[in-house]
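This report concerns only the one structure given below.
Please treat every number below as a calculation from the coordinates, not as lab data. All figures in this text were calculated on a predicted structure; none of them were measured in a lab. Quick reminder, even Gly has a Cβ in these numbers, built from the backbone with ideal geometry, and neighbours come from all protein chains shown.
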Amino acid sequence: MTIYNLKNKAENLIFLQKKKFNVPKLSIYHCKDFHKNKNLIIRNIQENFNEKIAIRSSSKDEDGLRYSYAGKYKSFININPKNTNLLKKKINEVILSYKNSDNIFFIQSMVKDIILSGVVLSRDLNSYNPYFVINYNKGSNPSLVTSGKIKSQSIKYFPNKKYKIDEKFRKLIDTSIKLKKIYGCDIDIEFCISKKGTVFILQVRKLNITKNFKNKYLDENRFSHYLKNLEKKIIKLKVQQNNELGRTTYFGVMPDWNPAEIIGKKPKPLALSLYRELITDHVWSENRYKYGFKDLSQFHLMTTFYDTPFIDIKIDFNSWIPRNLKKQTQTKLINHYLNKFKKNKNFHDKIEKEIIYSCYSLNLEKKVSKDLKKTLTKSEIKNLIDSLKNINNFAIKEKGEDLKKIKSLLLKQEKIQQSKLYYFDKIYWHVENCKKFGTLPFAGLARCGFIAIELIESFVNGDIITEEDKNKFLNSIDTISSEMSNDIFKLSKLNFLKKYGHIRPNSYEITSLNYRDGYQKYFKNKKKKLFKKKTFSFSKDQKSKILTFIRRFNSKLTFEELIYFIKDSIVLREYSKFIFMKSIDLIFENLKQFAKKYKIKKSDLSYLKINDITDFYHNLNSESTLDIINKMIKYNKNEFIKNSYIELPDIIFEPKDLYVINIPKENPNYITSKECEGNLTSLELNKKINISNKIVCIENADPGFDFIFSHKIKGLITKYGGFNSHMSIRCSELGIPAIIGVGKNNYDKILNSNKIKFSCKNKTFQLI
């Protein structure tokens, strides 16, 4: 087959007309000719075009094979050709946008009866996987889609015989496949579709491919093989297991322990295995059972597909069922949650807030009765509510026991480090102690923290307090994080690092510098700003209403005791995380000491798995430890590199979702009631950190990113994160406006912009 070179915009469209593609009528003019004889060209345009037109740029350097300067030059749509003055003015503006006049412009008919328009790419520009990516919206202006001025919808599609795309896009994909073959490269196509389903081509550009993209290139056959294997895996996992309830399962990267937020969508083997070992294998279920939920100890919460961690949502939903409910009630409740989630996939990072019921709050009876009236009987609803009341009371009682455990971890950490044990033996005991005295009580204190935030939110929703009251209340709470924000200025460097040196951004990634090793990097450009805690007091009327609510689930609890529980739970949630993160740092320090002794690159340690390391505690191997370690690193690294090229959707309901990915409408969490406007910057830890007076963008953020608050930032935006995440609480506490969990689509658009304006009160943002 003959391969044709891409030329400028107009020439490409003329060529496609000749090839019988649907291209709106067009006429080409040279800029120099227009300057010489404007009236003649204007007359020619008016004779050739009777209805509204587009005036479009077509520079020599705009859409060629080597370069694509999409959007660099001006174009205008919906121009009335009979309006001579307007026609002249807009043509002049197009010409003036060029560097020189040795260029052309063209006039094109506007297509009638357009139902939608947009852009289709022959590859995903983020992963470079061979999906066709369709960004579209209703209307006739595809440039609005690319500009970010409107909220476009997106679909990714990998062509296959088994799973078909929606009919209105089928012709578009067929056309795109033909164009890709004609030009022999990956392309970017502007299109519109009429009421009759006719696909019109408005522009074809070459996709610019960076070196990174070239390294990630996957051909269609290889990618198809990966998807088919995963398809088989998903079908197998969807089959009902043992005593597990629910007719099917789904998978998501953000429900429950939200791995995408904490360890990222492509964590390296050490981070992934450590998160699994410390939390998602057994610790998570042990804590749930302790608090009164079902026993899920035989199940693992997290599974991985090509090194992307997913939460098994059926297992997750089962784990939130109070165990004293009758099995029939449990079954109905699980299936209700599954149905509800499938209809509201934009809640994938708000499962506990929007889908399931895991604690008692002010408006719970009303919410449950409305939501479950067709699912459960009145008696079953009452049993569920009573169970959740018991869970609240248990949390209030148990918080102190979890605190004792987490405090004991500090002594155990020190004792292990001071011992003469071998590196890997120390790691083994740090892992075991961290599970029993670190992440397990943390899970309990995090449960208390969730209940605390849910209670406060319910007081707002129940009109007991205002949103402003809530923010003032949260701002009055002193956590370890707010303490650190002031200590960076109050303490000497030595004392600061003694207390906080173990913290690191990307807490589970060994190559990420902790504060001790990266002090200059993280805090060099800090701006002195001491955060003064404001006091907040509830009014007499508010106290009375809250006490009335308390009597619904606890006859002995006082108002003061509940408020203490709420404040203390928020504090201890952050404190317990702060403590067990020290165990992770010590695990890494012992690994690095081993690596230093045997001349292993620190970066290679990321490719070990924690269970392979702790196995050395039990096993005596015939091979040398070093040989085994090097083999593990080599094998795991090769697997990770292969798997890193495969990007999967955030939510998988059916095998079809691997091939046809409808990007869900995003529902971010807006923190505070403030408005914020400013320049955007993406925080890249491998580069110089200059974030003061800017709105900072972070893909996923854990407590290790708290150093950003020493830089007097204007606001914060994260790709992943829930309303109860660390950064949500942190921004509420400090009064910093934020959009937490803005979602993939929004995040990609934001990163391509320079400025943003957002209103937390109105829950809106605008790219500038």
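Of the residues Thr175, Ile740, Ile262, the one whose Cα sits farthest toward the positive end of the charge dipole of the chain, with +1 on the Cβ of Lys and Arg and -1 on the Cβ of Asp and Glu, is Thr175. Peptides 709-718, 310-319, 229-238 ordered by packing proxy, namely the average of other Cβ atoms within 10 Å per residue, highest first: 310-319, 709-718, 229-238. Dividing the helix sum by the residues of the chain, where each DSSP H run of 4 or more adds -39500 (n - 2.57), gives a mean residue ellipticity at 222 nm of -14000 deg cm²/dmol. In this simple spin-label model, placing a label point 7 Å from the Cα along the Cα-to-Cβ direction at both Asp615 and Leu751 gives a separation of 3.5 nm.
Treating only the Cβ of Lys, Arg, Asp and Glu as charged (+1, +1, -1, -1), what charge dipole size does region 666-767 show about its Cα centre? Round to the nearest 20 debye.
Taking the Cα centre of region 666-767 as origin, the dipole is about 300 debye.
The angle separating the long axis of helix 423-434 from the principal Cα axis of greatest extent in the chain is about 80 degrees. Size descriptor for region 399-481, Kirkwood hydrodynamic radius: 15.3 Å (Cα pairs only, one decimal).
Calculate the dipole size of the chain relative to its Cα centre from +1 charges on Lys and Arg beta carbons and -1 charges on Asp and Glu beta carbons; express the result in debye to the nearest 20.
Details: 142 positive and 80 negative charges, 359 e Å.
The calculated dipole for the chain is roughly 1720 debye.
Neighbouring Cβ atoms within 10 Å as the yardstick, rank His348, His618, His502 fewest first. Spell out each step's value before the answer.
Numbers: His348 27, His618 7, His502 23.
Ordered by Cβ neighbours within 10 Å, fewest first: His618, His502, His348.
Going by neighbour counts of Cβ atoms within 10 Å, the residues Asp469, Asp615, Asp402 line up, fewest first, as Asp615, Asp469, Asp402. Here the label points at Arg323 and Asn461, each 7 Å from Cα along the C-beta direction, are separated by 2.8 nm in the simple model. Computed from the C-beta positions of Lys382 and Thr548 and an R0 of 22 Å, the FRET efficiency is 0.65 to the nearest 0.05.
Seen from Glu623, the other residues with C-beta closer than 15 Å to its C-beta sum to a net charge of -1, counting Lys and Arg as +1 and Asp and Glu as -1. For Lys407, put the label point 7 Å out on the Cα→Cβ axis and report which residues of region 416-455 keep their amide N under 18 Å from it. Backbone N within reach: 437-446. Checking the a/c ratio against 1.5 first, then a/b against b/c, what shape does the Cα gyration tensor give for region 666-767? Cα axes put region 666-767 in the rounded bin.
On full extension, the segment bounded by Glu654 and Phe394 gains 89.8 nm, given 0.36 nm per residue less the C-alpha separation. List the residues of region 557-582 whose backbone N lies under 19 Å from a point placed 7 Å from the Cα of Lys533 along the Cα-to-Cβ direction. What the label zone holds, given the 19 Å backbone N cut-off, is 560-579. Compute the Cα gyration tensor for region 623-670, then decide on rounded, prolate or oblate, letting a ≥ b ≥ c be the square roots of its eigenvalues: rounded whenever a/c is under 1.5, prolate when a/b is larger than b/c in the other cases, and oblate in all that remain. Judged from the Cα gyration tensor, region 623-670 comes out prolate (a/c at least 1.5, a/b above b/c). Per-residue packing, averaged as other Cβ atoms within 10 Å, sorts the ranges 665-672, 735-742 into the order 735-742, 665-672, beginning with the highest. Distance between the pseudo-spin-label points of Ser194 and Glu666 (7 Å out from Cα toward the beta carbon): 3.5 nm.
Got a sec? How would Asp174, Asp657 order by Cβ neighbour count within 10 Å, fewest to most? Please report the intermediate quantities before stating the final value.
Values: Asp174 12, Asp657 21.
Fewest-to-most ranking of Asp174, Asp657: Asp174, Asp657.
May I ask what percent, to the nearest 5, of DSSP beta bridges between residues of the chain are antiparallel? Can you show the working numbers first?
Numbers: 61 of 70 bridges.
Restricted to the chain, the bridges split so that about 85 percent are antiparallel.
Here r is the Cβ-Cβ distance between Ile768 and His30 and R0 is 41 Å; the resulting FRET efficiency, rounded to 0.05, is 0.70.
When the square roots of the Cα gyration tensor eigenvalues are ordered a ≥ b ≥ c, the ratio a/c for region 335-379 is 1.5 or more and a/b does not exceed b/c, which makes its shape oblate. Taking 28 Å as the limit for the C-alpha separation, the pairs Lys20/Lys99; Lys498/Lys577; Lys9/Lys665; Lys373/Lys674 exceed it in the case of Lys20/Lys99; Lys9/Lys665; Lys373/Lys674.
May I ask you to derive the relative contact order of the chain, considering only C-alpha pairs under 8 Å and at least 6 residues apart, and to give it as an integer percent?
13
Convex hull volume per residue, computed on the Cα atoms of the chain, equals 193 Å³.
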